[in-house]
Amino acid sequence: MNFVVPDFYPAAAEIFVAVMALVIMLASTFARRIATALAYYLTQATLIVAAVVTVATMDGQVMLTFSNMFVSDLMGDFLKLLIYFSVAIALLYGRGYLADRSMDRPEYYLLTLLMTLGMMVMVTSNHLLTLYIGLEMMSLSLYAMVAFDRESARSTEAAMKYFVLGALASGLLLYGMSMLYGATGSMEFSGIAQAIYHQSANSTVLVFGLVFVMAGLAFKLGVVPFHMWVPDVYQGAPTAVTLMIASAPKLAAFAMAMRLLVYGLFEIAEHWQSMLMFLAVLSIVLGNIAAIAQTNIKRMLAYSGIAHMGFVLLGLLSGVVDGDRHFALNAYSSAMFYAVAYVMMSLASFGMIILLSRAGFEAENIDDFKGLNQRSSWFALMMLIIMFSMAGVPFFIGFFAKLSVLQAVVAAGYIWLAVLAVVMSLIGAFYYLRVVKVMYFDAPEDSAPIHAPADVKVMLSVNGLAIAVLGLLPQGLMSLCAYALIASL
Amino acid sequence: MDMKALYLLVPLAPLAGAILAGLFGKAIGRAGAHVATIAGVAIAFIASLVIFFDVQAGNSFDGTIYTWMEAGGIHFEIGFLIDPLTVMMMLVVTFVSLMVHIYTIGYMQDDPGYQRFFSYISLFTFSMLMLVMSNNFLQLFFGWEAVGLVSYLLIGFWHDRPTAIYANMKAFLVNRVGDFGFLLGIGLVAAYTGTLHYGEVFAVASELVGVEMAVTGWNLITAICVLLFIGAMGKSAQVPLHVWLPDSMEGPTPISALIHAATMVTAGIFMVARMSPLFELSDAALSFVLVIGATTALFMGFLGIVQNDIKRVVAYSTLSQLGYMTVALGVSAYSAGVFHLMTHAFFKALLFLGAGSVIIGMHHDQDMRNMGGLRKYMPITWITSLLGSLALIGFPFFSGFYSKDSIIEAVFAAELWGAGYAMVCVLLGVFVTAFYSFRMYFLVFHGEERFGKAHHGHDAHHDDAHHDDDHHHGLAPGQKPHESPWVVTVPLILLAIPSVLVGFFTIEPMLFGEFFGSAIHVADNHVGLSKLAADFTGPVGMAIHGLQTAPFWLAAAGVGTAWFFYMKRPDIPAAIQRRFSAIHTLLENKYYFDRFNEIVFAGGSRALGTGFWKIGDRGVIDGLIVNGSARVVGWVAQLSRLFQSGHLYQYAFAMIIGLFIMLSFWFNLG
């Protein structure tokens, strides 16, 4: 057997991040006194350099390497860049929070970096096994991060639930993958697609596998009925970690859906589209309604996240209509736009919770936002922008995200689905607007001034304003999403 | 220099000024605010001048600056259309705005809202420029609404006066009526042509002729034009949507000059001229325009006769002049309408600023019955106001003569339905205009000095009781009026120059030359100005000819009557008032439009609202939908809480159940 040296060039960013993870591990062992700060800055630097490397190695071509297990294309590069950004922002928001609770140990940053690496591998996978490895790498890091506050019973419980349910989902996913392999004889996405195209696949086994794979995917996206972990974990995890879970991994999960469903199983789109419809409808209905009953804002945002992921699925399920694939690009890019918009809003909203929290105090109840306008009218305005955008009020980015997804749904002919989604968004507007109401019309219960490092305040303002500005000028980001997909569709 | 950057600079410079003065007004102080905004508008004016010469050299531009979004095949864009019509409007807007900015330094010097005021007028300039420079309906509508918003803010500038709040609410509501029509018109255009871009709409406009609308069977192009014109009626204060303009005089005087005389109210005229390729296709719509315009021109003029508030006289004269412009549009003499728009902008801004100067001199007393003989004390204001009045009544060689006479001649030549009625209205209007203008002039500047004596009470709207202390009213006994500071008089002089001269120099290129080129379209079957062009012998010839025509003698008669009534025999008007008290009451009450609106529309909609509230809102919506759906929502939420028990095994169980549902369902399917 000949050993061919693989082409490392397309995977330069992944290799760099992996090496840096090792460097940080060693460095923080030896530089004990400044270990935490060192790890933080090295991690941030790694993310920046990784972005530079990704841009430098991006050339618009689809490049395969490592025996076709790894693919480098525009969609992957674009999503990876977004992942670096969102991880970096999440670290920036969370740093003070961790320090206040003496959780800012170097391991945290190391885990963050490994999680990032896992997501990168997921995004660039061209093979069921690569996808699985990336997924597990990300998940294991996240399990550990949720349990990072070892003294907190709630954290530990959340981590335990997350881990057990995650293991179950992993099992389902692996089982489904083995079915797919059994049915098509290939683990490469393009190989699977070809086998189905040539009708050499056993369709019963294929659909059987699809259902299991879908269950694993749904768990990662956190959609109903595989969502049960979401509220408990969001609430139980330290807010800095919740912020991490609620942002970049959603992009990775979107990439996973694209790779698995669109690149691998496009030929049986009719099947998975109807499954997605089942999941999407349940998620949008349950997410929006259950959020109303919440008093804890982290839990409320968890349910809102479930509903938002339902919207992403709406985009994904509108690609193929009666075998006609003309709508595919629009539909998938609308889903991608939605995912990106959601990540921006999610970062900002959890960032606000962190901003209001301080040592010994968690601002995790909606009541903690009472009278925010009197304490800081600027950040009340930012929260207003975030909530309006999440509710889908024009003209914020959330509105255009919803609009483009709904356009795709209507173009695909599912009018009833669009109507349902709009009605549910309307119901959902209630709990977003409730936050605005308590901020502006209720008297503050807590009059402590807001203390936060300047970088967090600036970043949060930039984040909030970006939601508003991109709502006014959404076309650039929309075209970017379409451009990232068109090359690889 | 890149022209595109220059185009962008024109609206953005005032916007930057507005932002600086508005958001950082405290930091940059009063002087900072006026320096910033005046610099912004001055830059816009200079850039407009450069663009003007560029357009004169034969260049034009029609392009997109930014695509906001695309939905359903329609592009929503920001774009500029730079052609002679646009550039003329840009010059007028920036020039008058610049004058008003400078004037404001003097007029508002004691006002606590100084920075806010400058911010608003710069914001207005930005909005107006966006409106006129637009190349598509969306941006037109944006500018349209933005100028309306600023107008609303400025009418209510002194927001502690209940009358100002009433007036701005009224302006806002009446404009909603117009805008509703406007929006429907734009919607029809978009629905039937699939685009919002002017050029593309005009290119396919001829295909819309004869198309009937679904369901109603109306003629499409007529419906579009009438609806668009309803928008113009709101903004340009045409009967019956004129009721807001006189009340808008509650705002500070510079605003009356800039927004409610020179620029914003002419937006409707500009819009119709811009849409000339559409209006030319529908004679019915043109007749509608003509009749509305003629009615406004004459009947609003009558109201000017009975007003005693100096600003209200000018306001009614604005209404009447807007009617003239509309008449010009109706008879397809678009360029004459726009020409009158331009000359009117200068002399009406001048008259308003002159009135403002008088008001400063009179210590914020606006009642003409308390004035008289001001000529001695305010010589510059006197001369410039005289020039403005002469321009307004259309005295030969003055700018107003050229524009107004062209309109009247065009009405003579017109063959449209309603042209006969319009002819009577515009001719009588000349007499009326001359009469009330010189009534005001004589009452203010000549005759007995009536100030410093016991006050005539103001109208109900101007009751002193609720004015704040900064605006002390009227001169104390023995006190004399004084000429205003230079920041007030310099704009007067600078506006007086074009008021006198601009018509003489521009009539030939604008009306009969190639100035507008393809910007204005007149169909072959409409007379427009063609008959006039055939007789035109040059501005001097026209003025000399004008001395022999009916309008001149009517105007002279108006001036003479005013002189006789108010200088010679002041007892006559009082006698007439007694003899014809019914007519006088009718005019005093402005034909009862306000009462009618209040009872029928305001009262009617309140009754309708109450009805809906009782039956629809409380019965159906609250009872059934809101509480009913809230119960359902609450129930589902409780149910989900039940499942979300916190027990791990239940979560896992839910996942497995979900998996089984999916499995069984898709296997039955497959």
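The values are calculated or read from the model by the stated rules, or taken from the named source; none is laboratory data. None of the values given here were measured: they were computed from a predicted structure. Methodologically, a virtual Cβ is constructed for each residue, glycine included, from the backbone with ideal geometry; neighbour enumeration extends over all protein chains shown.
Structure data summary
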quantity	calculated
For B:Val600: the one exception among (1) surrounded by fewer than 13 Cβ atoms within 10 Å (Cβ to Cβ); (2) within 30 Å of A:Pro231 (Cα to Cα); (3) among the β-branched types (Val, Ile, Thr)	(2)
Given (1) surrounded by fewer than 18 Cβ atoms within 10 Å (Cβ to Cβ); (2) out of contact with any strand residue (DSSP E or B) (no Cβ under 9 Å at 6 or more places or on another chain), number of the condition A:Phe8 does not satisfy	(2)
Sole residue being surrounded by 15 or more Cβ atoms within 10 Å (Cβ to Cβ) and farther than 20 Å from A:Met344 by Cβ, chosen from A:Ala56, A:Ala39, A:Ala31, A:Ala90	A:Ala39
Where a residue in region A:77-93 is farther than 26 Å from A:Met63 by Cβ and its partner, wherever it lies, is not in a helix (DSSP H, G or I), with Cβ under 7 Å and at least six apart	A:Ala90/A:Ser247
Of all residues making up region A:183-202, the number that are among the small types (Gly, Ala, Ser), in contact (Cβ under 8 Å) with a residue 24 or more places away in the chain and within 14 Å of chain B (Cβ to nearest Cβ)	1
Region A:153-182 - residue that is away from chain B (no Cβ under 13 Å) and touching a helix residue (DSSP H, G or I) at 6+ places or on another chain (Cβ under 6 Å) and, of those, farthest from B:Leu659 (Cα to Cα)	A:Ser155
Filter result for A:Val409 (over 28 Å from A:Leu91 (Cα atoms), aliphatic (A, V, I, L, M) and surrounded by 24 or more Cβ atoms within 10 Å (Cβ to Cβ))	yes
Residue that is outside any loop (DSSP other than H, G, I, E, B), more than 14 Å from chain B (Cβ to nearest Cβ) and of a type in the set (S, T, N, Q), where the choices are A:Ser479, A:Ser389, A:Ser425, A:Ser404	A:Ser389
Residue selected from region A:433-489 under the condition of a type in the set (Ser, Thr, Tyr) and at pLDDT 90 or above, by the criterion nearest to A:Ser376 (Cα to Cα)	A:Tyr440
Yes/no for B:Met108 being in contact (Cβ under 8 Å) with a residue 12 or more places away in the chain and within 24 Å of B:Gly361 (Cα to Cα)	yes
Considering residues of region B:614-649 that are in a helix (DSSP H, G or I) and in contact with a helix residue (DSSP H, G or I) (Cβ under 7 Å, 6 or more places away or on another chain) only, the residue nearest to A:Ala167 (Cα to Cα)	B:Leu648
Residues of region B:57-68 satisfying the condition of being more than 14 Å from chain A (Cβ to nearest Cβ) and either under 30 Å from A:Leu406 (Cβ atoms) or in contact (Cβ under 8 Å) with a residue 12 or more places away in the chain (or both)	B:Asn59, B:Ser60, B:Phe61, B:Asp62, B:Gly63
Matching residues in region A:428-446 - criterion: being away from chain B (no Cβ under 14 Å), in a helix (DSSP H, G or I) and hydrophobic (A, V, I, L, M, F, W, C)	A:Leu433, A:Val435, A:Val436, A:Val438, A:Met439, A:Phe441
Selection within region A:359-386 - part of a helix (DSSP H, G or I) and of a type in the set (Phe, Trp, Tyr)	A:Phe369, A:Trp378, A:Phe379
Close pairs from region B:639-661: first facing another protein chain (nearest Cβ under 7 Å), partner at pLDDT below 85 and crowded, with 17+ Cβ neighbours inside 10 Å, Cβ under 9 Å, at least 6 apart	B:Ser640/A:Ala293; B:Arg641/A:Ala293; B:Tyr651/B:Gln644
Answer from B:Ala33, B:Ala71 - the residue that is modelled with pLDDT of 85 or more and either within 14 Å of chain A (Cβ to nearest Cβ) or out of contact with any strand residue (DSSP E or B) (no Cβ under 9 Å at 6 or more places or on another chain) (or both)	B:Ala33
Scan of region A:274-297 for residues that are more than 8 Å from every other protein chain (Cβ to nearest Cβ) and either under 23 Å from A:Asp73 (Cβ atoms) or buried (at least 24 other Cβ atoms within 10 Å of the Cβ) (or both), ordered by number	A:Leu276, A:Leu279, A:Ala280, A:Ser283, A:Ile284, A:Gly287, A:Asn288, A:Ala291, A:Ile297
Residues of region B:218-241 classified as surrounded by 24 or more Cβ atoms within 10 Å (Cβ to Cβ) and not hydrophobic (A, V, I, L, M, F, W, C), total	5
Enumeration of residues in region A:459-475 that are under 19 Å from B:Phe76 (Cα atoms), in contact with a helix residue (DSSP H, G or I) (Cβ under 8 Å, 6 or more places away or on another chain) and assigned to a helix (DSSP H, G or I)	A:Ala468, A:Leu470, A:Gly471
Residue in region B:596-608 that is hydroxyl-bearing (Ser, Thr, Tyr), without any contact (Cβ under 8 Å) to a residue 24 or more places away in the chain and more than 30 Å from B:Gly301 (Cα to Cα) present	yes
Filtered residue count, region B:196-220, keeping only those that are free of Cβ contacts under 8 Å to residues at least 60 places away in the same chain and in contact with a helix residue (DSSP H, G or I) (Cβ under 6 Å, 6 or more places away or on another chain)	4
Looking only at region A:203-230, and only at residues there that are within 30 Å of A:Ile245 (Cβ to Cβ) and of a type in the set (Gly, Ala, Ser), the one that is nearest to the other protein chains (Cβ to nearest Cβ)	A:Ala215
Residues being surrounded by 23 or more Cβ atoms within 10 Å (Cβ to Cβ) and farther than 20 Å from B:Gly113 by Cα - total across region B:12-40	1
Considering residues of region A:392-401 that are assigned to a helix (DSSP H, G or I) and within 14 Å of chain B (Cβ to nearest Cβ) only, the residue surrounded by the most Cβ atoms within 10 Å (Cβ to Cβ)	A:Ala401
Selected residue (only one of B:Val424, B:Val430 is out of contact with any strand residue (DSSP E or B) (no Cβ under 8 Å at 6 or more places or on another chain), modelled with pLDDT of 90 or more, surrounded by fewer than 16 Cβ atoms within 10 Å (Cβ to Cβ) and not small (Gly, Ala, Ser))	B:Val424
Verdict on B:Phe124 being within 14 Å of chain A (Cβ to nearest Cβ), at pLDDT 90 or above and at negative phi	no
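For every residue, the table says whether it meets (1) farther than 19 Å from B:Ile269 by Cβ; (2) β-branched (Val, Ile, Thr); (3) part of a helix (DSSP H, G or I).
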{"residue": "B:Ile121", "(1), (2), (3)": "yes, yes, yes"}
{"residue": "B:Leu131", "(1), (2), (3)": "no, no, yes"}
{"residue": "B:Gly143", "(1), (2), (3)": "no, no, yes"}
{"residue": "B:Asp160", "(1), (2), (3)": "yes, no, no"}
{"residue": "B:Asn168", "(1), (2), (3)": "yes, no, yes"}
{"residue": "B:Ala171", "(1), (2), (3)": "no, no, yes"}
{"residue": "B:Val174", "(1), (2), (3)": "no, yes, yes"}
